[in-house]
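I have placed the structure first, in the form of structure tokens, so that the comments after it can refer back to it.
Any read-out appearing in this document is the output of simple, stated calculations on the displayed coordinates, not a laboratory observation. Quick caveat, the model's predicted, so the values are computed rather than measured. Ideal geometry is used to build each Cβ from the backbone, glycine not excepted, and the neighbour counts take in all protein chains shown.
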Amino acid sequence: MLYLEGLTIKRGNKIVFSDFNVVIQSGSMTVIKGKNGSGKSTLLRAIAGFTPLEQGTIKKDKKNVFKNYEEWVNNLIFLDTKNGLSKDLTVAENLYAWLTMKGWSTDKKNLTMALKSVGMDKYADLYISQCSEGLKKRAALARLYFSFNNKVDFWILDEPSNELDKTSLALFKQLISIFLKQNGTIIIATHDLTIAESEFKILDLDEIKKQRVL
Amino acid sequence: MNSIYSSWSNIFLAHIKRDILINFRSLIDLISIIGFMILIIILFPLGLGPVQEKINIVSNAVIWVGLILAIIPSLEKLLQKDYENGWLDQIATSPIPLEIIMLSKGMSYWLIMLIPLILTSPIFAILLNMDLKNIPWLVISISSGSLAISLIGLIGSALILGTKRGNILLPILIIPLMTPILIFGVGVNEAIKINEPPYGNLFLLLAFTLIYLVISPFISALLVRIAIGR
């Protein structure tokens, strides 16, 4: 369970959220909805620990995540619209660099399996500068595969499905359902509500803000 | 605890390898540094006229100033690329401390961009008519000073992350920090020229390098955290 308690988040001098409370169940999927500029990415970046909180705490099972930050990021995969891929490295090299940085095994068989899980095995030796936006996104999503053999239990995804075609979207949905079955928790910001086949909770930022005003 | 440190050093080395690979795939930065340096070395004697003694007096300073000026354009990209493509976000959500990655960034920059300059500095020295007895000391002082310069550059590069037109601000912010390095670096060879022992200047230069080796990863990691939190 992830408890967001009384969050106040500022972006520049503007308050994006004030006194924001949400509980996110373990093993569930939460879709964050809201119009452009409603603060979806800001909220995700605050949960991941990038944007400092003005007020409030984020607790995972009674432990403040920022006081146990190493443990928190160890169990977390964060993916946003910037994919974190260097354009001068190939798809496989980027994945390899990411794995070593996470401190996980860089077993070649697993690497191939991960690329296969998003249909990228044919493009392993392609430079990122030569990839289309969809291929880049898939190369970034290949990281999610490693949550199955490392003890990851949390995904924070920001608009992961925007550039995907039908086949890779199906593969992505498959990854999501396997992860949920393993009691993983997903927070996802997207406009595409067809993304999950299983049950999910909607967190509508526009609604929350409207209620605040009334 | 032991295993944590060994895994940190593995990640440190792996990250240096990654940066070296990236930089050798696009050699443009390295070529621009060496090209810029060669231009400075060529232009100075032309500006001074054909009297050999004049060149001899300034040769030492020209190499040091040329080194500092030549690397300024490339410093801006040291962290900018990884900031824009989201790699710094990925580092921030990994168990490795950001400080270690910053140290690896400073070291890889030094290895890629400044080692070639250190290796070619004897050639520049000969082109500028420097005394042969000065050349080993030039290489020693530049080896140490350039590490300090790249670590200062790392701070500057982290400082301008996410700002527009930061590249214009960067030299103004970091060149003042480099002045002690320049003074003591030049001092080593000036002492040799008048047959004095160069150790005072050299040790002060090394001291500055060590100070920046310690503080630069912490300052730049702090600045990167601010930049990705915006």
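Remark: relative contact order (segment A:8-119) = 17 percent; criterion is Cα-Cα distance under 8 angstrom and separation of 6 or more residues.
In whole percent, what relative contact order does segment B:2-228 give with Cα contacts below 8 Å and a gap of six or more residues? Could you put the intermediate results ahead of the total?
Values: 234 pairs, mean separation 58.8, N = 227.
Once divided by the residue count of segment B:2-228, the mean separation gives 26 percent.
Which of A:Lys60/A:Lys87; A:Lys82/B:Lys17; A:Lys87/A:Lys108; A:Lys10/A:Lys60 have a Cα-Cα distance over 29 Å? A:Lys60/A:Lys87, as the Cα separations exceed 29 Å there.
Which shape class applies to segment A:159-214: rounded if a/c is under 1.5, otherwise prolate when a/b exceeds b/c and oblate if not, where a ≥ b ≥ c are the square roots of the Cα gyration tensor eigenvalues? It would help to have the intermediate numbers written out before the result.
On the way: a/c = 3.36, a/b = 1.74, b/c = 1.93.
In terms of gyration-tensor shape, oblate.
The alpha carbons of the protein assembly as shown stretch over 83, 49, 43 Å along the principal axes, in descending order. Ordered by the number of other Cβ atoms lying within 10 Å of each residue's own Cβ, fewest first, B:Thr179, A:Thr185, A:Thr57 fall into the sequence B:Thr179, A:Thr57, A:Thr185.
For segment A:1-33 versus segment A:79-150, the spacing of their alpha-carbon centroids is 29 Å. Computed over segment B:8-155, the P(r) curve from all C-alpha pair distances, binned at 5 Å from the origin, holds 2, 9, 18, 20, 17, 12, 9, 6, 4, 3, 1, 0 percent per bin.
Going by the alpha-carbon gyration tensor, a ≥ b ≥ c the square roots of its eigenvalues, is segment A:78-214 rounded (a/c under 1.5) or, if a/c is not under 1.5, prolate (a/b greater than b/c) versus oblate?
On the way: a/c = 1.97, a/b = 1.65, b/c = 1.19.
It comes out prolate by the Cα gyration axes.
Proximity of backbone amide H atoms, modeled 1.01 Å from N, is registered between A:Gln55 and A:Thr8 at under 5 Å, excluding neighbours fewer than 5 places apart on the same chain.
Placing +1 on each Lys and Arg Cβ and -1 on each Asp and Glu Cβ, with no other charges, gives segment B:2-228 a dipole about its Cα centre of roughly 280 debye. Taking a ≥ b ≥ c as the square roots of the Cα gyration tensor eigenvalues, with a/c under 1.5 meaning rounded and otherwise prolate when a/b beats b/c, else oblate, which class fits segment B:157-230? The shape class here is oblate.
Note on the protein assembly as shown: helix-only mean residue ellipticity at 222 nm, from DSSP H runs of 4+ residues weighted -39500 (n - 2.57) and normalised by residue number, equals -19500 deg cm²/dmol.
Fewest Cβ neighbours within 10 Å first, please rank B:Phe12, A:Phe179, B:Phe24 accordingly.
B:Phe24, B:Phe12, A:Phe179
Backbone geometry of segment B:71-81 corresponds, through the Karplus equation with coefficients 6.51, -1.76 and 1.60 at θ = phi - 60°, to 3J(HN,Hα) couplings of 8, 4, x, 7, 4, 4, 8, 3, 10, 4, 4 Hz, x marking Gly and Pro.
Evaluating 6.51 cos²θ - 1.76 cosθ + 1.60 at θ = phi - 60° for every residue in segment B:100-114, the Karplus couplings come out as 5, 5, 5, 4, 5, 5, x, 5, 5, 4, 4, 5, 7, 8, 9 Hz, glycine and proline recorded as x.
The phi torsions of segment B:118-129, fed into the Karplus equation with coefficients 6.51, -1.76 and 1.60 and a -60° offset, translate into couplings of 5, 5, 8, 4, x, 5, 4, 4, 5, 4, 8, 6 Hz, rounded to whole numbers, with Gly and Pro shown as x.
Considering every alpha-carbon pair of segment B:106-223, the percent of pairs per 10 Å bin, from zero through the bin containing the longest distance, is 14, 40, 32, 12, 2. Cross-link pairs exceeding 27 Å between alpha carbons, from the set A:Lys14/A:Lys63; A:Lys59/B:Lys105; A:Lys136/A:Lys173; A:Lys59/A:Lys166; A:Lys40/A:Lys136: A:Lys14/A:Lys63; A:Lys59/B:Lys105; A:Lys59/A:Lys166.
In chain A, taking the dipole from charged Cβ atoms about the Cα centre, the farthest positive-side position among A:Gly27, A:Leu171, A:Met1 is held by A:Met1.
So what is the relative contact order of segment A:1-43, in percent, for Cα pairs below 8 Å that sit 6 or more residues apart?
Details: 50 pairs, mean separation 15.3, N = 43.
Once divided by the residue count of segment A:1-43, the mean separation gives 36 percent.
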